[in-house]
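The values are calculated or read from the model by the stated rules, or taken from the named source; none is laboratory data. Quick caveat, the model's predicted, so the values are computed rather than measured. Cβ: placed from backbone, ideal geometry, glycine included. Neighbour counts: every protein chain shown.
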Amino acid sequence: MLAMPRKDLILFLGFAAAVLAMPIWLQPFGAAYPDLLNRFAIFAIFAVGFNILFGLTGYLSFGHAAFFGVGSYAAVWSFKLLSMDAVPALLFAVIISGLFALAIGFLSLRRSGIYFSILTLAFAQMSYNLAYSVFTPITNGETGLQLSLNDKRYLDRMFFEAGAGLPSPTLFGVTLSGYVAFYFCAFFLIATFFIAQRVTGSPFGMMLKGIKSNQTRMNYTGVNTRPYTLAAFVISGMYAGLAGALLAITDPLAGAERMQWTASGEVVLMTILGGAGTLVGPVIGAWLIKYFENIFSAINDGILSQFWGFLPEGAQHTAVLISSKFVGEGWFLTLGLVFVLIVVFLPGGVMEGVRRIASMIRPNKPTPASADSSATKPHPAE
Amino acid sequence: MTLLKRGLSRRRVLQTGMAGIIGTGVAPLMFTKGAWAQEFCNNPTGDTVTLGLNLPLTGAYAEEGADEQKAYELAIKHLNGEGDGGLLNLLQPSALKGNGILGKKVAFVTSDSQTKADVARAGATRMVERDGAIMITGGSSSGEAVAVQGLCQEMGVIFMAGLTHSNDTTGKDKKRYGFRHFFNAYQSGVALGPVLGQEYGKDRKAYHLTADYTWGWTQEESMKNATEALGWETVAAVRTPLGAGDFSQFLTPVLNSGADVLILNHYGNDMVNSLTQAVQFGMRDREVNGKQFQIVVPLFSELMAKGAGPNIKGIFGTSNWHWNLQDAGTQAFTKSFGAAYGAPPSQAAHTCYVQTLLYADACERAGTFYPPEVIKALEGHEFDGMGNGPTLYRAADHQCMKNVLVVRGTENPTSEYDVLEVVQEVSRDAVDYDPAIFGGDLGPAEPAPIC
């Protein structure tokens with residue numbers, strides 16, 4: 001297992017260092033506060049998992065938020081019924097979302113291409129509506145599932161008495177909040193990144209890439225591809241469940257909107273924005289989108305007029321008026337523009353930009369990356 | 001060069017460097033850490049204090065959110081001694097001085113909650129963790145209020161709820177760190193019941209359409225209790241998703257149900273859409289069981305009434321407050337809001353404005369920002385002059401007890417803002433209730449959690 005190619009090892013170590021140092025290097029961007037760092041780590045896990053399905057097999061699922069939501073609900077129920085410890089919540093969430101993915105994948109993977117996408121979208125929207133209204137006793141509908149003082153917590157009660165007030169999630173007695181929670185999530189991000197790296201390089205990963213480049217040919221050579229796609233689907237569903245559980249651990253609440261189609265679309269955006277089929281791309285995409293969502297949406301007219309303070313009075317007013325349409329509640333507009341620009345000029349996402357710059361710096365050296373990029377070139381039309 | 005070489009040995013550079021670092025940067029941090037330890041979340045140490053405004057600027061309740069933001073900005077101006085002072089001079093008793101809170105200038109940060117509980121929590125966390133907000137306020141949905149209130153309890157930050165009408169906010173989900181000035185669904189039912197009985201008789205069949213979340217559920221329950229006590233029959237109660245947009249699929253069954261009253265437990269854009277569609281279906285022109293068909297909207301606001309236009313004429317509902325009341329507080333607030341923004345304030349704006357002042361006043365009276373002391377100052381506090389008559393912040397559930405208005409859509413409006421008329425001001429005693437009926441537990445104030 002430790003016999004990694006040197007390039008992979010450097011990538012992995014660099015990634016781990018970048019993730020662990022996030023509280024430092026995100027400081028100048030105004031993003032180094034625990035809640036957003038948690039989200040960076042959690043949605044990166046979600047996107048890395050999504051990429052195992054979409055990036056490797058080319059199957060575009062439009063319903064991954066369902067597994068994310070199921071993971072959250074499972075984790076909160078584990079908090080309510082079993083224990084405030086994070087370990088049972090994570091196990092419970094990953095198992096439940098894995099089973100859920102098995103069921104949905106078994107049905108959806110009978111079709112491919114657009115039909116598969118529509119099927120997953122339909123299943124996710126069904127789950128959302130079930131969570132929103134039909135299963136209200138389990139999900140508490142629009143209000144969201146929350147902890148309450150009279151929860152049972154059978155496992156905890158076996159060991160100690162309930163304290164005053166609402167308990168917070170713990171890890172073997174250590175309260176998971178602030179930077180402790182971030183390093184907990186960061187550990188999982190690094191671990192899941194490592195697994196994704198190993199999957200991509202394994203014979204199993206080669207099979208998945210084969211399915212992406214030409215499934216018909218794979219079938220003619222006598223390979224039954226469905227178990228492979230199903231396995232990829234379940235793995236990425238479990239990744240989503242893990243991410244959902246981590247979100248519930250850092251903030252013990254699960255709401256139905258986590259399963260809405262917009263949330264499913266978000267992870268697709270993350271992956272394409274960063275670069276589908278690459279390992280680091282989806283992570284960068286997730287960070288970009290979460291950064292936009294949390295930082296750009298918080299910029300108001302006051303901050304803008306400070307920013308444009310160097311301009312004369314009238315020009316400052318105009319500048320604030322124009323730029324205010326792109327920040328605050330208009331952050332979707334900025335995100336949309338960035339997305340359009342990336343898809344038009346860098347179809348391989350941010351990672352393609354990185355590769356182009358790298359090849360510009362070392363023009364005479366034919367890097368294996370260029371061969372890679374043609375193999376893993378994403379198909380935006382899919 | 002020689003001079004440098006002589007003057008600066010390696011040791012000397014290190015020595016002065018270290019001394020400089022310790023002297024300028026690190027030492028104050030190290031030495032003050034003991035003296036000024038942050039004994040609670042976001043203790044403001046500078047000369048400003050930051051409030052976190054969590055507002056639904058997009059989504060089904062966006063219009064309320066925009067009005068709330070205006071009210072907060074006005075309240076903060078008044079607290080800082082700018083503008084005409086608004087209600088600052090009318091709050092009785094008042095410890096406010098018009099120089100900020102406890103001498104610190106009030107600043108604010110905002111976050112768009114998108115009318116979603118999840119996003120509201122993320123926004124509130126950001127404002128507490130990154131922007132150092134000492135208090136979170138706002139919201140126009142009970143789903144958000146309940147979610148953010150729980151978060152604030154965990155982080156040890158006071159939450160002054162904006163517009164939230166669900167019984168759960170100060171009932172089953174009440175929290176020690178959460179406070180609500182707005183009235184609730186139970187009080188709406190108690191206030192509206194007798195008026196409905198008087199106007200529409202004792203023998204009616206009601207059909208409920210209910211927004212499917214905490215507020216809708218409790219409002220439906222409260223309205224059922226109030227109308228069934230009159231002798232009305234409930235034909236059906238149907239839940240509709242929040243932000244549905246098109247309600248025709250829910251309205252068609254009403255026509256054949258034999259019901260002669262439609263109770264719309266909707267708010268914001270949902271209510272505007274469902275009411276408009278109900279009117280388009282010709283419901284108000286129908287006669288069922290030999291009686292004129294009626295529509296009731298238990299929770300009304302000026303913004304919704306404006307949105308629904310002429311459809312609202314003659315329809316009964318309740319309000320927390322109305323700009324057309326004749327007391328000094330209401331007049332002062334309407335004047336100062338109108339001067340700033342050119343339109344009379346909505347009830348959402350009013351409740352948010354008052355909540356900001358009440359928090360500031362409580363800090364002044366407590367003499368500190370330490371949340372458990374501020375909570376003590378708010379609990380059981382009796383005040384007046386805010387436009388709702390004498391009001392009590394009840395200690396048992398953090399609900400404000402005050403008069404409730406029964407309102408009706410104006411038949412002959414004289415201006416575009418004259419959309420609601422006050423039918424009756426139901427007294428505080430009439431809408432009083434035992435806090436124990438909704439259960440729930442406030443939880444502890446101390447030890448104050450440190451975010």
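Among the residues that make up the range B:106-124, is at least one of them more than 12 Å from chain A (Cβ to nearest Cβ) and either assigned to a loop (DSSP other than H, G, I, E, B) or under 23 Å from residue B:366 (Cα atoms) (or both)? Yes, the conditions are met somewhere in the range B:106-124.
Based on this model, can you work out whether residue A:246 counts as within 30 Å of residue A:136 (Cα to Cα), part of a helix (DSSP H, G or I) and hydrophobic (A, V, I, L, M, F, W, C)? It would help to see each step written out before you state the result.
On the way: within 30 Å of residue A:136 (Cα to Cα): yes; part of a helix (DSSP H, G or I): yes; hydrophobic (A, V, I, L, M, F, W, C): yes.
Taking the combined requirement at face value, the residue satisfies it.
Across the range B:64-86, the qualifying residues are those that are surrounded by fewer than 22 Cβ atoms within 10 Å (Cβ to Cβ) and of a type in the set (Asp, Glu), and the one among them that is farthest from residue B:330 (Cα to Cα) is B:82.
For residue B:242, indicate whether it is surrounded by 21 or more Cβ atoms within 10 Å (Cβ to Cβ) and either part of a strand (DSSP E or B) or of a type in the set (Val, Ile, Thr) (or both). Lay out the reasoning, then the answer.
Values: surrounded by 21 or more Cβ atoms within 10 Å (Cβ to Cβ): yes; either part of a strand (DSSP E or B) or of a type in the set (Val, Ile, Thr) (or both): no.
Here the answer is no, as residue B:242 does not meet what is asked.
Pairs meeting the criteria (first residue in the range A:135-149 and more than 18 Å from residue A:247 (Cβ to Cβ) and facing chain B (nearest Cβ under 7 Å), second residue assigned to a helix (DSSP H, G or I) and of a type in the set (S, T, N, Q), beta carbons under 7 Å, at least 6 apart or on different chains) are A:141/A:133.
Residues of the range B:421-451 that are over 22 Å from the mean Cα position of the chain (by Cα), assigned to a loop (DSSP other than H, G, I, E, B) and in contact (Cβ under 8 Å) with a residue 12 or more places away in the chain: B:430, B:444, B:446, B:448, B:449, B:450, B:451. Restricting B:275, B:264 to residues that are under 29 Å from residue B:438 (Cβ atoms), more than 14 Å from every other protein chain (Cβ to nearest Cβ), aliphatic (A, V, I, L, M) and not in a strand (DSSP E or B) narrows the list to B:275. Inside the range A:163-196, residues that are in a loop (DSSP other than H, G, I, E, B) and within 11 Å of another protein chain (Cβ to nearest Cβ) make up a count of 8.
So which of B:352, B:451, B:363 ends up being modelled with pLDDT under 90, of a type outside the set (Val, Ile, Thr) and surrounded by 19 or more Cβ atoms within 10 Å (Cβ to Cβ)? Working first, answer last.
On the way: B:352 fails: modelled with pLDDT under 90; B:363 fails: modelled with pLDDT under 90.
Only one candidate qualifies: B:451.
Against the test of being among the β-branched types (Val, Ile, Thr), at pLDDT 90 or above, touching a Gly at 6+ places or on another chain (Cβ under 8 Å) and not assigned by TED's automatic domain parsing to the domain that holds residue B:280, the options B:227, B:170 yield a single qualifying residue, B:170. Scanning the range B:106-123 for residues that are under 19 Å from residue B:75 (Cβ atoms) and crowded, with 24+ Cβ neighbours inside 10 Å turns up B:110, B:111, B:113. Tell me which residues, restricted to the range B:102-118, are in contact (Cβ under 8 Å) with a residue 40 or more places away in the chain and within 21 Å of the chain's Cα centre (by Cα). Passing the criteria: B:106, B:107, B:108, B:109, B:110, B:111, B:112, B:113, B:114, B:115, B:116. Looking for something in contact with a strand residue (DSSP E or B) (Cβ under 6 Å, 6 or more places away or on another chain), at pLDDT 85 or above and surrounded by 24 or more Cβ atoms within 10 Å (Cβ to Cβ) - is there at least one such residue anywhere in the range A:252-272? Checking the range A:252-272: at least one residue is in contact with a strand residue (DSSP E or B) (Cβ under 6 Å, 6 or more places away or on another chain), at pLDDT 85 or above and surrounded by 24 or more Cβ atoms within 10 Å (Cβ to Cβ).
Tell me, please, whether a residue that is in contact with a Pro (Cβ under 6 Å, 6 or more places away or on another chain) and modelled with pLDDT of 90 or more can be found in the range B:324-336.
Scanning the range B:324-336, I find at least one residue that is in contact with a Pro (Cβ under 6 Å, 6 or more places away or on another chain) and modelled with pLDDT of 90 or more, so the answer is yes.
None of A:342, A:361 is more than 14 Å from every other protein chain (Cβ to nearest Cβ) and surrounded by 11 or more Cβ atoms within 10 Å (Cβ to Cβ) except A:342.
From B:227, B:234, grab the single residue that is over 22 Å from residue A:257 (Cβ atoms) and either of a type in the set (Asp, Glu) or outside any helix (DSSP H, G or I) (or both). Before you say what the answer is, go through the steps one by one.
Details: B:227 fails: either of a type in the set (Asp, Glu) or outside any helix (DSSP H, G or I) (or both).
Only one candidate passes the filter, namely B:234.
Restricting to the range B:64-103, what's the tally of residues that are within 13 Å of chain A (Cβ to nearest Cβ), charged (D, E, K, R) and over 23 Å from residue B:130 (Cα atoms)?
Applying the first criterion (within 13 Å of chain A (Cβ to nearest Cβ)) to the range B:64-103 yields B:65-66, B:69-70, B:72-73, B:76-77.
Checking which are charged (D, E, K, R) leaves us with B:70, B:73, B:77.
Subsequent filtering for residues that are over 23 Å from residue B:130 (Cα atoms) retains B:70, B:77.
Result for the range B:64-103: 2.
The single condition from (1) under 28 Å from the mean Cα position of the chain (by Cα); (2) at pLDDT below 80; (3) within 14 Å of chain B (Cβ to nearest Cβ) that residue A:379 fails is (3). Within the range B:156-173, the set of residues being buried (at least 24 other Cβ atoms within 10 Å of the Cβ), within 12 Å of chain A (Cβ to nearest Cβ) and more than 14 Å from the chain's Cα centre (by Cα) comprises B:173 only.
Filtered by the rule that a residue be part of a strand (DSSP E or B) and touching a Gly at 6+ places or on another chain (Cβ under 7 Å), the range B:194-212 gives B:205, B:210.
Okay, residues lined up against (1) within 14 Å of another protein chain (Cβ to nearest Cβ); (2) touching a strand residue (DSSP E or B) at 6+ places or on another chain (Cβ under 6 Å); (3) in a helix (DSSP H, G or I):
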site: A:276; (1), (2), (3): no, no, no
site: A:282; (1), (2), (3): no, no, yes
site: A:285; (1), (2), (3): no, no, yes
site: A:292; (1), (2), (3): yes, no, yes
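Search the range A:295-320 for residues being assigned to a loop (DSSP other than H, G, I, E, B) and within 14 Å of chain B (Cβ to nearest Cβ), and hand back the single one that is nearest to the chain's Cα centre (by Cα). By that ranking, first place goes to A:295.
Within the group B:184, B:225, which residue is crowded, with 24+ Cβ neighbours inside 10 Å and away from every other protein chain (no Cβ under 14 Å)? Outline the logic, then answer.
Details: B:225 fails: crowded, with 24+ Cβ neighbours inside 10 Å.
Of the residues listed, the single one that is crowded, with 24+ Cβ neighbours inside 10 Å and away from every other protein chain (no Cβ under 14 Å) is B:184.
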